[in-house]
Amino acid sequence: MVDDTWLTSAFIAPEVAALRPDYRCVLVTATELRPGPGDAVSDALLTAAEDVAQAALATIPADQLPHIAAWREAFRAFGAKPQRTRNSAEALVRRVGRGVPRIDRLTDTYNAVSIRLQVPVGGENLAAYRGPLRLVRATGEEEFPTLASGAEVVEHPEPGEVVWRDDLGVTCRRWNWRQCDRTRLDGETTEAVFIGDVLDVEPGDGAARAAAVREALLQALEHVSPGATLDSRVLLAADAR
């Protein structure tokens, strides 16, 4: 279970910070959310974000968009091949031209922020966490529960892979590539944590990008869930412990 100290207990391990000292993580916790299937409100957010991305893609390919390109370099730093393992923002932006799938109102909301700002953003069931959220490099022994052909299976990350985890195991592999089944959002989630991953494109410019991601998430969540209780924090690689 989580408590009032959960947000402040999240941390980045020094071995991850050494890969990208410029990394910033935007964390937003939300309770009293309004879950359910996508509706006109969440669809409008996602459609507007698609329009923004489509305009950007008219002049530059997805893998060359500045922040997405920075994430491709970050993936290479821990041995991932970005042409095979795409950061979550690139995976979404590449689907804009043929239509981003609508999933549910909360997932569609954070996907809208990710697409509009071209920043990897994830959302997970806060109630499913045990212990603090932390970003570490895997030993390879951690458990990662996921689904394969509709059946639950347990995978293990590669040694040295950058992963988010809690006390029970890995919650997201390869920084922001794939989330586990245990903490995924569903149509009944009312407590969630949203994670935005920010890098510098030019030296020092990540601070403004992180502020924009935090503001965009707060505004979008207030829009789809009026009355939700929101809290936020920006984790810095510089504060790794």
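If a residue must be acidic (D, E) and within 18 Å of the chain's Cα centre (by Cα), how many such residues does the stretch 186-204 contain? Counting residues in the stretch 186-204 that are acidic (D, E) and within 18 Å of the chain's Cα centre (by Cα) gives 4.
Scan the stretch 47-78 for residues that are open to solvent by 60 Å² or more (accessible area, probe 1.4 Å) and either among the β-branched types (V, I, T) or not in a helix (DSSP H, G or I) (or both) and jot them down.
At the first step, the residues of the stretch 47-78 found to be open to solvent by 60 Å² or more (accessible area, probe 1.4 Å) are 51-52, 54-55, 58-59, 61, 64, 66, 73, 76.
V52, A58, T59, P61 - these are the residues of the stretch 47-78 that are open to solvent by 60 Å² or more (accessible area, probe 1.4 Å) and either among the β-branched types (V, I, T) or not in a helix (DSSP H, G or I) (or both).
Evaluate the stretch 79-86: report whether one residue or more is in a loop (DSSP other than H, G, I, E, B), more than 24 Å from A212 (Cα to Cα), of a type in the set (A, V, I, L, M, F, W, C) and at pLDDT below 95.
Within the stretch 79-86, the subset in a loop (DSSP other than H, G, I, E, B) is 79-86.
Now drop any that are not more than 24 Å from A212 (Cα to Cα), which leaves 79-85.
If we keep only those that are of a type in the set (A, V, I, L, M, F, W, C) as well, we get 80.
Cutting the leftovers down to at pLDDT below 95 gives us 80.
Yes, the conditions are met somewhere in the stretch 79-86.
Being closer than 30 Å to Q83 by Cα, open to solvent by 50 Å² or more (accessible area, probe 1.4 Å) and among the charged types (D, E, K, R) narrows it down to one residue among D39, D22, D4, D43; which is it?
Values: D39 fails: closer than 30 Å to Q83 by Cα; D22 fails: open to solvent by 50 Å² or more (accessible area, probe 1.4 Å); D4 fails: closer than 30 Å to Q83 by Cα.
Result: D43 is the single residue among D39, D22, D4, D43 that is closer than 30 Å to Q83 by Cα, open to solvent by 50 Å² or more (accessible area, probe 1.4 Å) and among the charged types (D, E, K, R).
Residues of the stretch 147-158 that are open to solvent by less than 50 Å² (accessible area, probe 1.4 Å) and either in contact (Cβ under 8 Å) with a residue 40 or more places away in the chain or within 10 Å of V170 (Cα to Cα) (or both): P157 alone. For the stretch 159-184, the set of residues classified as buried (at least 19 other Cβ atoms within 10 Å of the Cβ) and not in a loop (DSSP other than H, G, I, E, B) consists of V162, V163, W164, R165, V170, T171, C172, R173, Q179, listed by residue number.
Is it true that some residue in the stretch 99-121 is part of a strand (DSSP E or B) and closer than 16 Å to W177 by Cα? Within the stretch 99-121 (the criterion being part of a strand (DSSP E or B) and closer than 16 Å to W177 by Cα), the answer is yes, since at least one residue qualifies. Report yes if R102 is without any contact (Cβ under 8 Å) to a residue 24 or more places away in the chain and among the charged types (D, E, K, R), otherwise no. For R102, the condition - without any contact (Cβ under 8 Å) to a residue 24 or more places away in the chain and among the charged types (D, E, K, R) - is not met.
The values are calculated or read from the model by the stated rules, or taken from the named source; none is laboratory data. None of these values were measured; they are calculated from a predicted model. Note that we place each Cβ from the backbone using ideal geometry, even for glycine, and neighbour counts take in every protein chain shown. Just the protein is used for accessible areas: all its heavy atoms, side chains included, with ligands, DNA and RNA removed. Shrake-Rupley method; radii C 1.70, N 1.55, O 1.52, S 1.80 Å.
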